[in-house]
Amino acid sequence: MSEYWATFKKVLAGMLEKPMWAMLLLSLCIISMVYAKGTVWEMPVAVVDLDHSSASHLLTRNLDASPKLNVVTYDQLGQAQRDMGYRKLYAVVEIPVDFEKKMLSGKSVAIPVFGDATNRLPNGQIQQNVLAAYQQMLNQYEVELMMKSQFTQAEANVVLTPMTGLTLPLFNPGISFAAIIFPGLLVMLLQHSLLIASVRVCLMMSAQGRPKLPVVLGALSALVPIWLFLSIVLFALWPWVLGYEQAASIPMLLLLTFPFLLAVLGLGRLLTECIRRVEMIYLTLSFITTPVFYISGTIWPLQAMPGPVRFISSLFPSTWAIKAIAGVNQMGLSLREALPDICMLLLLFAVYSLASLVLTFLRDRRLLSRFIHRGSQH
C-alpha cells in the first residue's frame with residue numbers, strides 16, 4: 001500500500017508541476033468556438049428574379065426574413081453561378097418567368113435552386129428554408145383566393161392546415177447540428193488526451209524495469225483526479241459558457257465520467273502491453289482517433305452501421321460514454337436509464353485490465369524461460 005501511495009503522489013505532483021494536460025483546454029477553446037453560435041446563420045443566397053411580379057417579390061422577402069439566409073439579388077444567372085463557384089454564395093434561387101401567372105392559373109411551377117452540395121449542412125438548411133418560404137407565400141395566396149370566395153379567415157386556415165404538427169425538442173432544445181457533434185467531440189478529446197497520458201506514464205515506468213502492480217495502479221490512479229477536473233470543465237463549465245442547455249448536475253456528470261476514465265486507462269495499459277515500441281504506440285494513437293470518432297455514433301447512427309463495424313465500435317469506451325453523457329446531459333435521462341452504458345464501461349475496464357495482465361504474465365514467462373534456457377546452455 002505504501003508503494004501505491006508513494007507512486008500516486010509522485011505522478012500527481014509531476015503532472016501538476018508540468019501541466020501539459022492544460023493544452024487540452026486551449027485545444028478545446030479553439031475547436032469548440034466553431035460551434036459558438038449553435039447553428040448556421042446569415043448564409044448568403046442569391047435570388048435571380050426573372051418574373052418581377054408581386055409573387056416573386058413576396059417570395060424574395062420571405063427568404064430574406066429567414067434568420068439563416070442573407071438574400072443577395074442578381075440580374076443574371078451566370079454571374080450568380082460564378083460567384084457560387086468562388087464560394088461567395090451558398091446557393092442560387094432562380095424565380096422563372098411567368099411565375100405568378102402560372103401559380104394563379106393552377107399550373108405547376110418549378111423553382112430551380114442551385115446549391116453547393118460539397119457542404120451538406122448549409123445545403124440542407126437552404127433547401128428547407130426555400131421550401132418553407134415558398135409554402136408560406138403559397139398559403140397567403142390561397143387564403144386570399146378563398147376569402148374572395150366567401151370563406152372566412154378561420155375557415156380558410158382550417159381547410160389549408162387541418163392538422164397542426166407539434167415538435168417537442170428533446171436533444172438540446174433550440175440547438176441543432178452543433179449540439180449533436182459537441183458532446184462527441186468533448187468525449188473524444190478527453191479519451192485521446194487520457195490515452196496519451198496513460199501510455200506515457202506506463203512507458204516511463206517500463207523504462208525503469210518491470211514495475212510492481214501497486215506501482216502501476218498508483219501511477220494510473222494519479223491521472224484520475226486531473227481528468228475528473230477536466231471533465232467538469234468539458235461537460236459542465238464550457239458548454240454553459242457557450243450557452244448549451246444541460247440537464248445533468250456536476251455530481252451526476254462525475255458519476256458518468258469516472259467509469260469512462262477507468263475504461264480509457266485500461267485501454268491505454270493494454271495498448272502499451274501490445275505495442276512495446278514507443279513510436280508505434282504514438283502512431284497508433286494518432287491514427288485511431290479519427291476513425292473512432294466516426295464509428296462512435298455521433299455523426300452516423302450505430303443502428304445503420306454494418307455488424308462488424310458496430311462490434312468494433314462497441315470495443316471503445318467513447319461509444320458508450322457519448323451515449324450515456326449525451327443521454328443524461330442533453331436528453332434529460334436519469335442515471336438509472338444510463339446504467340447499462342455505465343456497466344459496459346466497467347466491463348470494458350475489466351476486460352482491458354485482465355487482457356493486459358495476461359499479456360504481462362505471458363511475456364514474463366517467455367522471458368523467464370529464455371533466461372533459464374540460456375543458463376542451461378552455459
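Could you list, in sequence order, the residues of region 238-274 that are open to solvent by less than 10 Å² (accessible area, probe 1.4 Å), among the hydroxyl-bearing types (Ser, Thr, Tyr) and over 16 Å from Leu186 (Cβ atoms)?
Scanning region 238-274 gives a single hit, Thr272.
Can you tell me which residues in region 183-205 are free of Cβ contacts under 8 Å to residues at least 60 places away in the same chain and closer than 18 Å to Thr290 by Cβ?
Once the filter is applied, which keeps residues that are free of Cβ contacts under 8 Å to residues at least 60 places away in the same chain and closer than 18 Å to Thr290 by Cβ, region 183-205 yields nothing.
In region 39-52, which residues are more than 19 Å from Ala132 (Cβ to Cβ) and surrounded by fewer than 18 Cβ atoms within 10 Å (Cβ to Cβ)?
Within region 39-52, Leu50, His52 meet the criteria.
Taking only pairs six or more apart or across chains, which ones have beta-carbon atoms under 9 Å, a first residue in region 333-352 that is without any contact (Cβ under 8 Å) to a residue 60 or more places away in the chain and hydroxyl-bearing (Ser, Thr, Tyr), and a second residue that is assigned to a helix (DSSP H, G or I) and buried (at least 19 other Cβ atoms within 10 Å of the Cβ)?
Cβ pairs passing all conditions: Ser334/Val328.
Each row is one residue, and each column tells you yes or no for (1) of a type outside the set (S, T, N, Q); (2) open to solvent by 30 Å² or more (accessible area, probe 1.4 Å); (3) modelled with pLDDT of 90 or more.
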{"position": "Ser286", "(1), (2), (3)": "no, yes, no"}
{"position": "Ile295", "(1), (2), (3)": "yes, yes, no"}
{"position": "Lys323", "(1), (2), (3)": "yes, yes, no"}
{"position": "Leu335", "(1), (2), (3)": "yes, yes, no"}
{"position": "Leu339", "(1), (2), (3)": "yes, yes, yes"}
{"position": "Arg370", "(1), (2), (3)": "yes, yes, no"}
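Give just the number: which of (1) surrounded by fewer than 16 Cβ atoms within 10 Å (Cβ to Cβ); (2) over 37 Å from the mean Cα position of the chain (by Cα); (3) of a type outside the set (Asp, Glu) does Ala132 not satisfy?
(2)
List pairs: first residue in region 12-40 and modelled with pLDDT under 70, second residue assigned to a helix (DSSP H, G or I) and exposed (fewer than 11 other Cβ atoms within 10 Å of the Cβ) anywhere in the structure, Cβ distance under 9 angstrom, at least six positions apart or on different chains.
none
Considering only region 68-108, how many residues are of a type in the set (A, V, I, L, M, F, W, C), outside any helix (DSSP H, G or I) and surrounded by 17 or more Cβ atoms within 10 Å (Cβ to Cβ)?
7
With respect to Phe361, is the statement that it is over 36 Å from the mean Cα position of the chain (by Cα) and modelled with pLDDT of 75 or more true?
yes
Only residues that are under 18 Å from Pro251 (Cβ atoms) and surrounded by fewer than 24 Cβ atoms within 10 Å (Cβ to Cβ): list them for region 310-321, please.
Those that are under 18 Å from Pro251 (Cβ atoms) and surrounded by fewer than 24 Cβ atoms within 10 Å (Cβ to Cβ): none in region 310-321.
Go through (1) at pLDDT 80 or above; (2) open to solvent by less than 10 Å² (accessible area, probe 1.4 Å) one by one and return the number of the condition Leu228 breaks.
(2)
Does Thr290 satisfy the criteria of being of a type in the set (S, T, N, Q) and closer than 22 Å to Val201 by Cβ?
No.
The values are calculated or read from the model by the stated rules, or taken from the named source; none is laboratory data. Source: prediction; values computed, not measured. Here Cβ is always computed from backbone atoms with ideal geometry, including for glycine, and neighbour counts include all displayed protein chains. Accessible surface areas use protein heavy atoms only, side chains included; no ligands, DNA or RNA. Shrake-Rupley method; radii C 1.70, N 1.55, O 1.52, S 1.80 Å.
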